[in-house]
Amino acid sequence: MQHLKTQIVIAGAGPVGSVAAYYLANKGIDVILLESGADCALDLRASTFHPPTLEMLDKFGITKKLIEKGLKAPEYHFRERESGQVIDFDMSEISDHTKFPFRIQCEQYHLSRMLSEGVQNLQGTQVRFDHRVVGFHQDQTGVDVYAETPHEIVQIRADYLIGADGSNSIIRKWLDTDFDGFTYPEKFLCFTTEVPLEEKLPNLCHVNYVSDPEEWMVLLKVPSLWRVLVPAKEDQPDEQLLTDEKKNDVFDRLLGDGESVETAHRTIYRVHQRVAKKFVHDRVSIIGDAAHLNNPIGGFGMNSGIHDAFNLCEKFDRIYNASADADEALGTFQRQRHTTTHDFIQAQTIRNMEYLSDGESGEHGRRKAEMQRIHDDPDARLNFLLRQSMIESLEQEKLVA
């Protein structure tokens, strides 16, 4: 068995774990970043970077590279599929509140690869692919982390362990913490296509949330593709959802000629609204999807995970470089991020989902009227933009001691 030592081990080299590793390494803290796969996963689900996330990443010179790879999306639309009505929001209105009054549409794996490659060039840092964390044991002075490779078990002695290992987190499971919430009854089906939807559908911007009583959808543009997200019945077999027949059906109703549409990817996944009871367990912390899950409407999932990483790593910077009390600093992280997740992330994503999926019900009519009222009132519109861009949540977080 190989034995290693470091200050902090991070499980998971997705965008959240890679951001945490990059932050800590830049603060002179020794890190070993473990990833179960042979490379950063080619995950297409998350593709939206909100203004506060861009500001955080800009501290390390990352945002410029994301802008170069991605698409600027200063506008987004809430659309009625049947009537074609559009309620549009322009993020240039929050330019007094952020250096980046727009979203960047860019697949998350670009960030993961960019950071994991950069981390390897920083002193005191290792990135180990094909290392799957299988267990850990903590005591008063540190944590022993055990990782499985294709050939052996590696033991790493560290001061702390960060679990950024996604929705099926082994770290969270070993902690045996409650993961309360619910799972949406429908599946989510995502198609990607190179077909230029903007040339076929009028007044389409890069980010579109489309409500409909039969089949709501989300249309998102990334540099090389359009992503089309639709719901699917829970009892419909996955193999049927991935057929050309299903693809043709979706694009027939969207464009009128589904058979002519070629897709690059077809992905099915379940969506949850869940929050771990605790994010900090002595010397082990969980962040990102390991700590909380929400539906994708609004693009809050990856962004809130990155916000977790920055908040937690700022606390570790204070612990290692400013002699801060560890229990106090990590307790503040727990209170700040748990409060933000409950009071903002969960609540806002549920509201966004309800707006799309309630169709032509009376409740939907009330929500639509409220959305129109917000759009037409400059003060209400500004507050809505600050909330949807996640700026408000981070301002509120600062008030949590």
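The values are calculated or read from the model by the stated rules, or taken from the named source; none is laboratory data. None of the values given here were measured: they were computed from a predicted structure. All Cβ positions, glycine included, derive from the backbone under ideal geometry; neighbour counts span all protein chains shown. What goes into the accessible areas is simple: the full protein's heavy atoms, side chains included, and nothing from ligands, DNA or RNA. Shrake-Rupley method; radii C 1.70, N 1.55, O 1.52, S 1.80 Å.
If packing is taken as the average number of other Cβ atoms within 10 Å across a peptide's residues, how do 212-220, 175-183 rank, most packed first? It would help to have the intermediate numbers written out before the result.
Working: 212-220: 18.3, 175-183: 13.4.
By packing density, highest mean first, the sequence is 212-220, 175-183.
Given the DSSP H assignment, sum -39500 (n - 2.57) over each helix run of at least 4 residues in the chain and divide by its residue total; what's the result at 222 nm in deg cm²/dmol, nearest 500? Working shown, then result.
Details: 14 runs with 145 residues, N = 401.
-10500 deg cm²/dmol, from helical runs alone.
On C-alpha positions alone, give me the angle between the axis of helix 15-26 and the longest principal axis of the chain, in degrees, nearest 10.
It is inclined by approximately 40 degrees.
I want the antiparallel fraction of DSSP beta bridges within the chain, as a percent rounded to 5. It would help to have the intermediate numbers written out before the result.
Values: 52 of 75 bridges.
Here the antiparallel bridges make up roughly 70 percent for the chain.
Rounded, prolate or oblate for the range 132-182? Axes are the square roots of the Cα gyration tensor eigenvalues, ordered a ≥ b ≥ c, and the cut-off for rounded is a/c under 1.5.
Numbers: a/c = 2.72, a/b = 1.37, b/c = 1.99.
In terms of gyration-tensor shape, oblate.
Calculate, for the range 4-69, the solvent-accessible area per residue in square angstrom, rolling a 1.4 angstrom probe over the heavy atoms of the protein chains. Please list the in-between numbers first.
On the way: 2280 Å² over 66 residues.
Counting only protein heavy atoms, the per-residue value for the range 4-69 is 35 Å².
Each residue of the range 287-302 in order: what ³J(HN,Hα) in whole Hz does its phi give by Karplus 6.51 cos²θ - 1.76 cosθ + 1.60, θ = phi - 60°, with x for Gly and Pro?
With the stated coefficients, the range 287-302 comes to 9, x, 4, 5, 9, 7, 10, 8, 5, x, 6, x, x, 8, x, 4 Hz.
Among ALA309, ASN295, SER260, flag the residue with its Cα farthest along the positive direction of the charge dipole of the range 236-324, charges on Cβ as +1 for Lys/Arg and -1 for Asp/Glu.
ALA309
Which of rounded, prolate, oblate describes the chain, given a ≥ b ≥ c as roots of the alpha-carbon gyration tensor eigenvalues and a/c under 1.5 marking rounded, otherwise prolate only if a/b is larger than b/c? If you can, show how the numbers build up before the last one.
On the way: a/c = 1.89, a/b = 1.54, b/c = 1.22.
Prolate, because a/c is 1.5 or more and a/b exceeds b/c.
Distance check, please: which entries in LYS200/LYS247; LYS221/LYS247; LYS5/LYS27; LYS64/LYS278; LYS5/LYS99; LYS65/LYS247 exceed 29 angstrom between their Cα atoms? Please list the in-between numbers first.
Numbers: LYS200/LYS247 17 Å; LYS221/LYS247 18 Å; LYS5/LYS27 18 Å; LYS64/LYS278 35 Å; LYS5/LYS99 40 Å; LYS65/LYS247 34 Å.
Table pairs above 29 Å Cα-Cα are LYS64/LYS278; LYS5/LYS99; LYS65/LYS247.
With θ taken as phi - 60° and the coefficients 6.51, -1.76 and 1.60, list the Karplus ³J(HN,Hα) couplings across the range 82-92 in order, rounded to whole Hz; mark glycine and proline as x.
Working through the residues one at a time gives 5, 8, x, 5, 10, 10, 9, 10, 10, 6, 4 Hz.
Sort 335-341, 147-153 by packing, meaning the average of other beta carbons within 10 Å per residue, with the highest value first. Spell out each step's value before the answer.
Details: 335-341: 20.3, 147-153: 13.3.
The densest-packed peptide leads the list: 335-341, 147-153.
Taking the Cα of GLN372, stepping 7 Å toward and past its beta carbon, and measuring to each backbone N in the range 69-111: which are under 11 Å?
Zone members listed by number: 85-87.
Extension gain GLN120-LYS59, at 0.36 nm per residue separation less the Cα-Cα distance, in nm?
Values: separation 61, 0.36 × 61 = 21.96 nm, distance 1.86 nm.
So the extension gain works out to 20.1 nm.
Along the charge dipole of the range 204-285, Cβ charges K/R +1 and D/E -1, which of ALA232, LEU204, HIS281 sits furthest on the positive end?
HIS281
Which length gain, in nm to one decimal place, applies between TYR269 and ASP325 when the Cα-Cα distance is subtracted from 0.36 nm times their residue separation? Could you put the intermediate results ahead of the total?
Details: separation 56, 0.36 × 56 = 20.16 nm, distance 4.11 nm.
The TYR269-ASP325 span can extend by a further 16.0 nm.
Stretch GLU395-SER83 to full length: gain in nm at 0.36 nm per residue minus the Cα-Cα span?
Details: separation 312, 0.36 × 312 = 112.32 nm, distance 3.71 nm.
Working it through step by step, the gained length comes to 108.6 nm.
Taking the Cβ of ARG157 as the center, what net charge do the other residues with Cβ under 11 Å away carry, scoring Lys and Arg +1 and Asp and Glu -1? Spell out each step's value before the answer.
Values: positive: LYS5; negative: ASP139, ASP144, ASP159.
Within the 11 Å Cβ shell, the charges total -2.
What percentage of the solvent-accessible surface of the range 62-173, computed with a 1.4 Å probe over protein heavy atoms, is contributed by carbon and sulfur atoms?
On the way: 2210 of 5140 Å².
Of the solvent-accessible surface of the range 62-173, carbon and sulfur hold 43 percent.
Can you give the FRET efficiency to the nearest 0.05 for ASP379 and ARG335, using r as the Cβ-Cβ distance and R₀ = 35 Å? Don't skip to the answer; put the middle values down first.
On the way: r = 30 Å, r/R0 = 0.86.
Calculated value: 0.70.
Which percent of the accessible heavy-atom area of the range 284-401 goes to carbon and sulfur, probe 1.4 angstrom?
On the way: 2160 of 4490 Å².
Carbon-and-sulfur percentage of accessible area, whole number: 48.
Show me the ranking of peptides 8-18, 79-89, 289-299 by mean Cβ neighbours inside 10 Å, starting with the highest. Mind dumping the intermediate values first?
Numbers: 8-18: 29.8, 79-89: 15.1, 289-299: 25.3.
Per-residue Cβ counts within 10 Å, averaged per peptide and sorted highest first, yield 8-18, 289-299, 79-89.
Taking a ≥ b ≥ c as the square roots of the eigenvalues of the Cα gyration tensor of the range 14-99, is the shape rounded (a/c under 1.5), prolate (a/b larger than b/c) or oblate? Walk me through the numbers on the way to the answer.
Numbers: a/c = 3.43, a/b = 1.73, b/c = 1.99.
Oblate.
Counting only other residues whose beta carbon sits under 13 Å from that of LEU255, what net charge do I get with K and R as +1, D and E as -1?
Numbers: positive: ARG81, LYS200, LYS247, ARG253; negative: GLU198, GLU199, ASP249, ASP252, ASP257, GLU259, GLU262.
Result for the neighbourhood of LEU255: -3.
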